[in-house]
Amino acid sequence: MYKKLSIRDMIYSALFAALTAILSYITIPLPFTPIPITAQSLAVMIAGCVLTPIQAGLSMIIFLFMGCIGIPVFSAGRAGIGIVVGKSGGYLIGYFAGAVIISLLTRRKKSLMNMFLACVLGGIVVVHFMGTAWLGFITKIGIKNAFIVGSLPFLPGDIIKSIAAVFISARLNKVVKRH
């Protein structure tokens, strides 16, 4: 089943790619891990809760493409294919999978609890799994140590981001429905 992308699909995807890029500049480096705290995951969760799976996936593909070609959209204004294949690359690729999974899980029922559970599953579990696995592989520190430095410190903040994403998305979903 091939569905042509509408202008609305492209605009929403581009807007959320831009939002993800903008939120990448909200970065807090941590001295004990190569992975910084960023607000990008908040944008991923909101994209999943608001957009269709196609729009959400496309928004993350656009975001990744912009970074790969040299536009400084990754955390702290970094860019280049080296970032995607480097230590934090698994998290960046996880954004695509996470946004699509969140969107798929929230398509039928956009209750606050459903959106929260989708954000936790897609935005935390999937993104952290992919990021931790890649970090462990690239740095050769093993999955356990990769989890300790690349996931565990971020879980409390990501739960807070999930809650914020749900409330922001609930408001956006009301606005989007009217237009």
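If the condition is being surrounded by fewer than 17 Cβ atoms within 10 Å (Cβ to Cβ), small (Gly, Ala, Ser) and within 18 Å of residue 34 (Cα to Cα), then the range 46-78 contributes 76, 77. I'd like to know if the range 129-140 contains one or more residues that are closer than 12 Å to residue 48 by Cα, touching a residue at least 12 places away in the same chain (Cβ under 8 Å) and surrounded by fewer than 18 Cβ atoms within 10 Å (Cβ to Cβ). No: zero hits.
Looking across the range 83-95 at every residue that is more than 11 Å from residue 131 (Cβ to Cβ) and of a type in the set (Val, Ile, Thr), the one that is surrounded by the most Cβ atoms within 10 Å (Cβ to Cβ) is identified as 83. Among the numbered conditions (1) of a type in the set (Gly, Ala, Ser); (2) in a helix (DSSP H, G or I); (3) in contact with a helix residue (DSSP H, G or I) (Cβ under 8 Å, 6 or more places away or on another chain), the only one that residue 157 does not meet is (3).
For (1) out of contact with any Leu (no Cβ under 6 Å at 6 or more places or on another chain); (2) farther than 22 Å from residue 128 by Cβ, each residue gets a yes or a no:
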position	(1), (2)
22	yes, yes
29	yes, no
40	no, no
43	no, no
61	yes, no
81	yes, yes
97	yes, no
101	yes, no
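Does any residue of the range 20-32 turn out to be closer than 19 Å to residue 165 by Cβ, at pLDDT 95 or above and loosely packed, with under 14 Cβ neighbours inside 10 Å? Yes: one or more hits.
Give the residue that is surrounded by the fewest Cβ atoms within 10 Å (Cβ to Cβ), with candidates limited to residues of the range 141-179 that are among the aromatic types (Phe, Trp, Tyr) and touching a His at 6+ places or on another chain (Cβ under 9 Å).
Checking each candidate, the answer is 147.
Filter the helices (runs of 4 or more DSSP H) completely within the range 33-106 down to those with at least 2 residues that are under 11 Å from the mean Cα position of the chain (by Cα), within 30 Å of residue 175 (Cβ to Cβ) and at pLDDT 95 or above.
Values: elements: 40-50, 53-68, 81-84, 89-106.
Per the criteria, 40-50, 53-68, 89-106.
The values are calculated or read from the model by the stated rules, or taken from the named source; none is laboratory data. Values in this document were obtained by computation on a predicted structure and should not be read as measured data. Reconstructed Cβ throughout: ideal geometry from the backbone, glycine too, with neighbour counts over all protein chains shown.
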